[in-house]
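Accompanying notes for the structure given below.
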Amino acid sequence: MFTLTWRIPSWALAILFYCCAQATGGLLIGIVFTVGHNAMEVLTADEMKMTDFVRLQLRTTRNVTPSWFSDFFTGGLNYQVEHHIWPTLPRHNLPEASRILKALCAKHDIPYHCMGLYEGNEEVCRFIRRMSSLEEVKKRA
């Protein structure tokens, strides 16, 4: 990125380019993390102790439906569940890990959450709207 900024004719344009690139990247990664982590089950400390690591990741994380666009757009972070279970696995292996994990989940009747980027954002917005309602706040108090 810094090499590219040297080709821009002025420092002001270079700084503007850098800021726009960082803001755009931050927004895009924020969208992916929001879909992957928000509006999922929240467990108490006792529930977490009673749940094994893999089931914990499956209950609290969601994937974005794989496609050429989501794979490119997210840089492989659309496989959040697999990334949490195998954090050091190279991202080019995540699709195969996803197939293996889905088969394991189907065999043991464990829910595997995966939805489109748009649908995931809709679900997060519904969740936030529900959590912000006065009645829901009173229930949790």
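What to note about this one:
- The spread of Cα positions in region 32-115, taken along each principal axis and listed from longest to shortest, comes to 39, 27, 23 Å.
- Of I15, I85, I31, the one that fluctuates the most in a GNM where the chain has Cα springs shorter than 10 Å: I15
- Rh (Kirkwood; distinct C-alpha pairs) - region 12-70, Å: 14.2 Å
- At least 24 Å along the helix axis (C-alpha) and Kyte average at least 0.5, DSSP helices within the chain: 11-37
- Values of log10 I(q)/I(0), in the order q = 0.23, 0.24, 0.26, 0.28 Å⁻¹, for region 68-112 under a Debye, Cα-only, solvent-free model: -0.79, -0.83, -0.93, -1.01
- Highest-MSF residue in the chain out of T60, T34, T44 [GNM, Cα springs under 10 Å]: T44
- Shape category assigned to the chain from the gyration tensor of Cα positions, a/c cut at 1.5: oblate
Just so you know, all these numbers are worked out from the coordinates, no wet-lab data involved. Being a predicted model, the structure only gives us computed values, none of them experimental.
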